[in-house]
Structure formats: C-alpha cells, structure tokens
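Readers should treat all values here as calculations from the given coordinates under stated rules, not as data from a laboratory. On a predicted model such as this, the values are computed, not experimentally measured, just so you know. Heads up, the Cβs are rebuilt from the backbone with ideal geometry, glycines too, and the neighbour counts pull from every protein chain shown.
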Amino acid sequence: MCKFKYAWLLGLGGWLLIVALGWGSATPVWAQEGCGNNFCAYLPLVARDYDPTWVWGSVFTPTLTPTPSNNVNPLLAIDRQGQVHVLWGTISYGVPAFIYHTYLTATGWTSPTAVAQSLGTSSVLFPPVVAPDDTMHLLWLNRETTSAPYRTLYAAFRNAQWGAEEEVYRSPYTGSTLQGMVHLDTAGQVYATMVDSSLWVGHVSHTKRGILGWSQPVTLTDPTYSNWIWPDQQGGVRFYGNDYETPPNLYYSYWSAGQFVIRDQKGPDRVSISSISRRTQLDGQNNLHLFWAEDVAIPGGQVSGLYHQCINTALRVTTPELLTGSENAYLSDSVKAAGFARWTVLAWREASGARARLAVWDGCNRTDLKTIPFPADGSWSLKAVAISDAPGKVCVLGYSSSYYPARYRLICADILR
C-alpha cells in the first residue's frame, strides 16, 4: 500500500561477501555470480552460466481477455501442484469490471472467468495467498458506485472453483484510499488487514474469518513510527518506521492477538526506510526486504542501479547490495514477490531492453542471480513475478509491444533444491 504514512508493498542471488563484511555497513557491495570453485573462471561462458538446480521451461502465451487494465499489473500465483494462476482487472469499454482468472493446466490455459459477479467495479490489490492445503485466498478492491465508499471483497479458490464472494470491510469514508491484504496463521486461520486513509484521517483495521463470516474489524492504534505496514503469515501486523535523525533510527512494532506485543522498539542499526523511493517486501520468515534505485559510477559515466537490503527479525540490517551492472535499471521496471515460507524474488528489465534479470533470496541471503530467457525478438517489460517454496518454482509474466494481439508471455523455472 502506498501513501505517505501508510505504505505497503502490500507488489512477488555473492551474498557470502556481505556476510563476511558484517551487518549494517554502509558500503555497497556488488552482486557476484559465484560459481563455487576457482576453475569456473576458465570454463566457457555457457558452462559458467549452467546451473543444474534451475530448469527453465517453455515460454507460454496466456490469453488474457478481456484486456488487463493498463493502470494495475496482473497478479501471479503458483499453487501446490505447480500450476500458475494469472488474475487481473480490466477497464475495457463495455466489459464488466470484474476480477478475471485463468491458470495453466497439463492441457493448457483455462478459459478466463470472473472470480465473482461483483456489483460495481473491482480491481486487484495484492497477489493471492496459496495456503499449505492448496486453497488460494484472494482479497480485492470494489466500489459499487462512484459515490459509494470503497470496500474489500474476499473469495477462495479450491477444487478448481471459486467460492462465493464475501464483503470483508467497508470504508466509513467516501473518497478515501483503501488497500488490504489477506493473510493466514500457522493453524490456517484467515485474516485480512486494511489501511484506510483519506486527506485528514487514516487507520489500520484487522479482521478474521470465522464460521459465521468475518468478525467486526478492529482498529489498530498507530505506533509512533509506521512508515511501512505489513501483515505476516502468523496472523499479526508488523510496523516499521524512522525518526527524524540523520541517519534515521529504525523502529519496529508488532500487533498480534488483539494487542501490541512490541511497540516502538528501537533497532540496533540505522537505515532509511521512510523514503517513498523505497519498496519493501516481507518474506515468510518475517525479514523485511528493501529495494531502491540509485546512481552508480561506471567507467566513463554513471547509470541507475538497483539495490537491496534486508532487515532481519533481530532488526539487524544487511550491507546495501548492488544487484545490477553497467546497464541502467529502474525500480519502475521491476516486480517482486515472496513465497509462503522462504523465498523472495525481485525481477527487473534493463533499460536497454536487452535482458531481464531476477534475484532470489532465502531469508536475507541471496542465493541466485539469473537472466530470464524471454524470446530475443521482443523488448520485454515485466508485469508480475511469483515464487513458490513447495514446489520450488519461479514464474515471470512479461509483456511486449512487438507482438499483436498476444502480447503476454509467461516463463517458469523449477528450482531443484
């Protein structure tokens, strides 16, 4: 969610060098593609790039009709069977503004269908959560009329069909900005957390789903520092913020089971997370990943490069890591995601259009830095990425204006470890 105070990224690999240097240093580290032994430097390039634990599959062409909205990217999810799901909203003229869904089976893509015949207009928020029992939980944004307040709706996908839609939360404010995310706990209990803000007021609401429906939302009292707000996979809500010192101190609060069990805890390291240029992602191990773009000096000039840092559960901050090289790369050309339990992924396109890349972290440790093998006859922008812990798999959805009318391409890699 993005607003000045209430911001989510609520939007789905040479770390040893960082660990050796220690936590919290301000010196950027170049991302390395280590090969595990000294002999790789003398092997042919194709041998150096070969990784038997990564198996890229075929390029697929999903039929996304009606046409996805230009304003909000489609969503990707990978279920426990390894099937890839695409969900999107639409602003096509004369087409109902539902959330649409298709997924890839052994026999091909399913026909796109509406998740629900919702009243008014619907749009996507954040990727659905695939639970350990393979149920896919989706929360989306809806507005019945242009004069009505926003609300969040929920539906679950299991046994190849969607359940009935359920209203989760209705904003008391007309014209407010509403965002929300569905999340679970270790017992499979379903929760939803919303950030509802208007010009003058704003609050965080939390509710859970029971046998009789959704509970009355509880309003969470803001901690002093709350620049980023993230629901976790334990049913709680995590708040991260900065003070106004230079460099700023890091603060953390945690709300769970109806109360703040941690409030305004000061971290041991200093890091700026309040800047609107930062994007964040909470992983399944409750590490907070930071991504941003910054100018980087190269021989004869400079480029825009992408950086990563990680805040672990002890609030220790890793050394800034430069992921990109001598080509320009911008945060606006990147997509991110986290798996249910372990992995986090960032994918980006180099500004030249020549390559698309991705990095994967297991907790705060980067394990992979790969080139995405999209077809070479198009310039690709990245629309979505998803990563699964079980089975180990990553998928990237790309878009190219070089093709008409089928402009979307999907490619996945099995991660065999």
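Before moving on, here are some points about what is shown:
- Cα-Cα pairs of the chain separated by more than 27 Å (percent): 51 percent
- Kirkwood hydrodynamic radius computed over region 143-216 comes to 13.4 Å, based on all pairs of distinct alpha carbons.
- For region 280-417, the convex hull drawn through the C-alpha positions has a volume of 110 cubic angstrom per residue.
- P(r) tail fraction, region 87-220 - alpha-carbon pairs more than 19 Å apart, %: 51 percent
- Under the Karplus curve 6.51 cos²θ - 1.76 cosθ + 1.60, θ = phi - 60°, whole-Hz ³J(HN,Hα) for region 117-127, x wherever Gly or Pro sits: 8, 6, 5, x, 10, 10, 8, 6, 10, 10, x
- Neighbour-count order for Val345, Val360, Val129, fewest beta carbons within 10 angstrom listed first: Val129, Val360, Val345
- Taken along its principal axes, the alpha carbon cloud of region 197-278 reaches lengths of 50, 30, 20 Å, longest axis first.
- Reported to the nearest whole Å, the Cα centre-to-centre distance from region 300-367 to region 132-181 is 30.
- Charge dipole of region 87-220 (Cα centre as origin; +1 on each Lys and Arg Cβ, -1 on each Asp and Glu Cβ, all else neutral): 140 debye, rounded to the nearest 20.
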